[in-house]
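**Q** Sharing a structure, written as structure tokens. Questions coming.
The values are calculated or read from the model by the stated rules, or taken from the named source; none is laboratory data. Worth saying up front: this structure is predicted, and the values here are computed from it rather than measured. Backbone-built Cβ (ideal geometry, glycine too); neighbour counts: all protein chains shown.
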Amino acid sequence: QLGNWRPQERLRTVSALLVTCLNLGTDPPDLVKPAKSSVLEAWVDPNAPRTPMKQIMENLQRQFETIQRHARYKALPDCAIEDLKKYCVQFRRGSKDGRIMFYYNGHGVPRPTGSGDIWVFNRQFTQYIPVSAADLMAWVGTPGAYIWDCSHAMSVVAAFQKGARAGQHPQQQAAPVNPALISLALLPQIYRDDIHFAATRSSELLPTNPVLPADLFTSCLTTPVRVAMRFWVTCNPQAKNITVEMCEQLPGSVQDRRTPLGELNWILTSITDTIAWTTVPRELFSRLFRQDMMLSTLFRNYILADHIMRYYGVHPYCSPELPPTHKHPLWASLDLEIDMCLQQLPRLIKEEKRRKRRYISSSYFSNQLHAFEVWLQHAATVPPPGLEAPDELPAVLQVLLSQQYRLRSLILLYRFMNLGPWAVNLSMAVGIFPYISKLLASTTTEIREILILVWARLSAVDHALHPELLKNNSFTYFVSYLANNIQMQCAPVSDKVRLCDTVSAASAFTLTILCRDHE
């Protein structure tokens with residue numbers, strides 16, 4: 001049976017409030033810092049002589065924009081309570097029924113109270129002012145996603161959860177009399193639950209290791225590769241030729257997969273996605289990792305944060321809660337990939353100066369495709385009830401749009417789907433649909449035949465896809481192939497002609513089903 005992989009309501013994060021209470025130069029009264037402790041905020045030294053707060057807020061916003069550029073952002077440095085309320089209400093009004101992300105850094109104010117109140121400032125910047133969970137729920141509304149980067153962060157989440165259980169969510173009460181909020185009240189329960197990322201449990205303090213950034217949790221969520229490299233260096237003192245400072249010189253950008261930094265980020269994304277795929281229940285996986293770009297990235301990077309921060313005795317929390325992932329065997333694969341990348345770093349730094357960089361690319365994705373191929377060979381001899389879902393599916397997903405791997409990945413994906421409708425179900429559950437749809441817009445002829453065969457298999461099993469093929473005239477991909485390849489054949493028939501006939505039949509089959517279902 002084909003599972004309900006497609007969400008009924010697709011919410012996206014459309015706005016983000018970045019609230020920081022750092023009060024640079026003044027420690028909160030309940031904090032006793034060791035002589036040497038972490039200082040970096042958004043990778044900026046707050047002790048820098050020139051406008052550190054401005055640089056911190058600009059960096060912080062850029063980090064979140066890397067995840068989702070099109071969201072509306074508002075930075076609120078050393079926020080006063082009047083501004084907090086003003087912008088929360090304003091953003092909810094502008095976001096309508098979209099999700100608002102509320103980020104809070106409370107490193108310069110007292111830790112949250114036992115009842116879950118956080119602290120901001122008064123307008124004159126002379127007092128700490130508490131803000132309750134009930135107030136925030138009223139101002140931010142629903143749906144919301146919250147990031148709490150502070151000590152005792154779990155106490156804030158607990159206050160939100162207590163309010164939700166008691167039915168005190170303001171929008172649930174206000175909807176019957178406030179027309180602007182009626183649509184929110186009608187959302188499925190799954191979307192009325194707020195999403196939270198908390199750096200610490202109720203009795204825990206943030207780590208203060210001087211090698212780490214002070215906002216370690218935020219850094220894991222928004223710049224995971226930088227943190228992962230720094231963590232690897234601190235955990236591998238035998239690698240004396242690699243320093244934390246050198247990690248900052250790894251060439252490339254996270255957006256360019258052809259560069260060392262971009263490739264490592266790509267591998268990290270694949271590994272955390274695979275960890276989620278192999279541990280999180282399917283319905284929860286679909287909701288958290290496949291519906292909203294901002295949320296899916298944050299949850300993947302949260303898995304890394306949980307792995308790293310536990311090493312320092314801190315236990316992050318998220319709601320909905322994920323199964324334990326910090327001991328997953330794939331962390332060893334990440335360590336190996338970082339090792340292989342950073343061992344080239346001294347040479348890359350020297351060659352970068354001479355503009356002659358020779359980077360040896362990772363074989364991670366090639367190995368994953370080979371492992372998937374081995375699984376397929378095994379699957380041919382085992383009946384479906386005895387088969388376990390292949391762990392490599394998320395990696396196959398990652399390379400579908402990669403020119404280097406897409407032909408091989410499509411062939412393997414087609415072989416997998418031929419195992420039966422349950423295999424199509426898993427393919428959809430892992431999230432191939434948006435990728436396979438984008439390929440229909442590709443002009444390359446290399447993947448044309450195998451792509452049509454994959455779509456024929458999808459169309460045969462899941463009729464709900466048919467309206468998607470009618471959007472943007474995607475069905476013309478199949479019409480075009482038929483128009484260019486139907487011809488009378490004479491003996492002898494070559495293998496190329498047989499393939500052409502098979503693909504033409506698949507195109508005709510897909511179009512026939514579309515016509516049958518289209519009124």
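**Q** Condition first: surrounded by 20 or more Cβ atoms within 10 Å (Cβ to Cβ) and either outside any helix (DSSP H, G or I) or of a type in the set (Val, Ile, Thr) (or both). Now tell me which residues in segment 403-427 satisfy that.
**A** VAL424
**Q** What's the number of the only condition in (1) under 15 Å from TRP331 (Cα atoms); (2) touching a strand residue (DSSP E or B) at 6+ places or on another chain (Cβ under 8 Å) that ASP292 fails to meet?
**A** (1)
**Q** If I ask for residues that are modelled with pLDDT under 95 and either within 18 Å of the chain's Cα centre (by Cα) or hydroxyl-bearing (Ser, Thr, Tyr) (or both), which ones from segment 246-265 would you list?
**A** Hits for segment 246-265 are SER253, VAL254, GLN255, ASP256, ARG257, THR259.
Here's the yes/no breakdown for (1) charged (D, E, K, R); (2) farther than 23 Å from ALA395 by Cβ:
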| position | (1), (2) |
| --- | --- |
| TYR414 | no, no |
| TRP422 | no, no |
| ILE436 | no, no |
| ARG448 | yes, yes |
| HIS466 | no, yes |
| LEU470 | no, yes |
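**Q** Checking LYS327 against (1) part of a loop (DSSP other than H, G, I, E, B); (2) touching a residue at least 24 places away in the same chain (Cβ under 8 Å), which test does it fail?
**A** Of (1) part of a loop (DSSP other than H, G, I, E, B); (2) touching a residue at least 24 places away in the same chain (Cβ under 8 Å), only one is false for LYS327: (2).
**Q** When you check ALA371 against the structure, is it at pLDDT 95 or above and loosely packed, with under 15 Cβ neighbours inside 10 Å, yes or no?
**A** yes
**Q** Here's a follow-up. For segment 197-221, which positions are within 21 Å of the chain's Cα centre (by Cα) and part of a loop (DSSP other than H, G, I, E, B)?
**A** ALA199, THR200, ASP215 - these are the residues of segment 197-221 that are within 21 Å of the chain's Cα centre (by Cα) and part of a loop (DSSP other than H, G, I, E, B).
Quick grid of which residues meet (1) in a strand (DSSP E or B); (2) buried (at least 17 other Cβ atoms within 10 Å of the Cβ); (3) modelled with pLDDT of 95 or more:
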position	(1), (2), (3)
VAL109	no, yes, yes
THR113	no, no, yes
VAL120	yes, yes, yes
PRO130	yes, no, yes
MET137	no, yes, no
THR142	no, yes, no
PHE160	no, yes, no
GLN168	no, no, no
VAL177	no, no, no
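**Q** Hey, another quick one. Could you tell me which numbered condition GLN398 fails, if it satisfies all but one of (1) assigned to a helix (DSSP H, G or I); (2) under 28 Å from the mean Cα position of the chain (by Cα); (3) modelled with pLDDT under 90?
**A** (3)
Residues are listed down the side, and each one gets a yes or a no for (1) within 19 Å of ILE147 (Cβ to Cβ); (2) modelled with pLDDT of 95 or more:
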{"site": "ILE303", "(1), (2)": "yes, yes"}
{"site": "HIS326", "(1), (2)": "no, yes"}
{"site": "PRO329", "(1), (2)": "no, yes"}
{"site": "ILE338", "(1), (2)": "no, yes"}
{"site": "PRO346", "(1), (2)": "no, no"}
{"site": "ARG357", "(1), (2)": "no, no"}
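**Q** What pairs come up if the first residue lies in segment 73-89 and is crowded, with 16+ Cβ neighbours inside 10 Å and modelled with pLDDT of 95 or more, the second is part of a helix (DSSP H, G or I) and polar (S, T, N, Q), and their beta carbons are under 6 Å apart, counting only those six or more places apart or on different chains?
**A** Close Cβ pairs (under 6 Å, with a partner that is part of a helix (DSSP H, G or I) and polar (S, T, N, Q)) amount to TYR73/GLN61; ALA75/GLN61.
**Q** If you don't mind, another one. Determine if segment 274-292 includes at least one residue that is surrounded by 21 or more Cβ atoms within 10 Å (Cβ to Cβ), under 27 Å from ASN367 (Cα atoms), of a type in the set (Asp, Glu) and outside the structural domain of PRO394 (by TED's automatic domain parsing).
**A** no
Listed here are the residues, each with its yes/no results for (1) farther than 18 Å from PRO434 by Cα; (2) touching an Asp or Glu at 6+ places or on another chain (Cβ under 9 Å).
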position: ALA371; (1), (2): yes, yes
position: GLN377; (1), (2): yes, no
position: ALA380; (1), (2): yes, no
position: LEU387; (1), (2): yes, no
position: PRO390; (1), (2): yes, no
position: PRO394; (1), (2): no, yes
position: GLN404; (1), (2): yes, no
position: LEU407; (1), (2): no, yes
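**Q** So, one more: Does ARG69 meet the test of being of a type in the set (Lys, Arg) and touching a residue at least 40 places away in the same chain (Cβ under 8 Å)? Spell out the reasoning first.
**A** Working: of a type in the set (Lys, Arg): yes; touching a residue at least 40 places away in the same chain (Cβ under 8 Å): no.
When the stated conditions are applied, ARG69 does not pass them.
**Q** Mind checking whether some residue in segment 261-277 is over 21 Å from TRP331 (Cα atoms), among the polar types (S, T, N, Q) and touching a residue at least 24 places away in the same chain (Cβ under 8 Å)? Before the answer, list the steps.
**A** Just the residues of segment 261-277 that are over 21 Å from TRP331 (Cα atoms), to begin with: none.
Within segment 261-277, none of the residues are over 21 Å from TRP331 (Cα atoms), among the polar types (S, T, N, Q) and touching a residue at least 24 places away in the same chain (Cβ under 8 Å).
**Q** Considering (1) touching a residue at least 12 places away in the same chain (Cβ under 8 Å); (2) under 17 Å from TYR477 (Cβ atoms); (3) assigned to a loop (DSSP other than H, G, I, E, B); (4) not small (Gly, Ala, Ser), say which one ASP391 fails and leave the rest.
**A** (2)
**Q** Moving on to the next point. Which members of segment 18-61 meet the condition of being part of a helix (DSSP H, G or I) and in contact with a helix residue (DSSP H, G or I) (Cβ under 9 Å, 6 or more places away or on another chain)? Break it down stepwise before answering.
**A** Quick first cut of segment 18-61, residues part of a helix (DSSP H, G or I) only: 52-61.
If the condition is that a residue be part of a helix (DSSP H, G or I) and in contact with a helix residue (DSSP H, G or I) (Cβ under 9 Å, 6 or more places away or on another chain), then LEU60 is the only one that fits.
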